[in-house]
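Asker: Here it is: the structure, laid out below.
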Amino acid sequence: MHDIDAIDRTILSILSREARIPMKSLAGRIGLSRSATTERVTRLEKAGIIRGYRADIGQLDEGQIQAFLLVTLQRTPSIGVLDRLAGFSSVRKVSSVSGQLDLVVEVEVGSINALNELRNEVATMDNVEDLTTSIVLRRDIERS
């Protein structure tokens, strides 16, 4: 890991909130020249500290239902379950976690019926022992 100083941390803080900030504006806010700022940002990118820039899109369709499927497996790892989950377009993220659960699956579907269908398919997969569903009521804080 490369040494990160206070200026780098300030750059990262600003870019995490304003990924599209012009380099000239970023340079002005941190008190460096545009070329020095560009060099620092490039170094952070090459080091893998800045892994990309993205648009954080809010929910486009009010009819979308977001939920978490909390999955307990009979045995881990379960590549077969992960492969099947990757095949569902409604699956947004899958995280392997420690503790009593094995997987946290974040999904987005168009209706409760679609959620129930997805839930039933996941629950009947080989190696799935238990499944709990938690529907997202609202997102109070969301950071990338």
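Asker: Quick one: accessible area per residue over the chain, 1.4 Å probe, rounded to a whole number of Å²?
Answerer: 69
Asker: For the chain, what % of the accessible area comes from carbon and sulfur atoms, probe 1.4 Å?
Answerer: Carbon-and-sulfur percentage of accessible area, whole number: 47.
Asker: Using a 1.4 angstrom probe and counting only protein chains, how large is the accessible area of Asp5 in Å², to 10?
Answerer: Counting only protein heavy atoms, Asp5 exposes about 60 Å² to solvent.
Asker: Restricting attention to the range 107-144, which GluC sites (Glu not before Pro) occupy a DSSP loop and are surrounded by at most 13 other Cβ atoms within 10 Å?
Answerer: Passing both the DSSP loop test and the Cβ count: Glu142.
Asker: Calculate for the chain the 222 nm mean residue ellipticity that helices alone would give, adding -39,500 (n - 2.57) per DSSP H run of length 4 or more and normalising by residue count, nearest 500 deg cm²/dmol.
Answerer: -11000 deg cm²/dmol
The values are calculated or read from the model by the stated rules, or taken from the named source; none is laboratory data. These numbers come from a predicted model, not from an experiment. Positions of Cβ are generated from backbone atoms using ideal geometry, with glycine treated the same way; all protein chains shown enter the neighbour counts. In case anyone asks, the SASA skips ligands and DNA or RNA and just uses the protein heavy atoms, side chains included. Shrake-Rupley method; radii C 1.70, N 1.55, O 1.52, S 1.80 Å.
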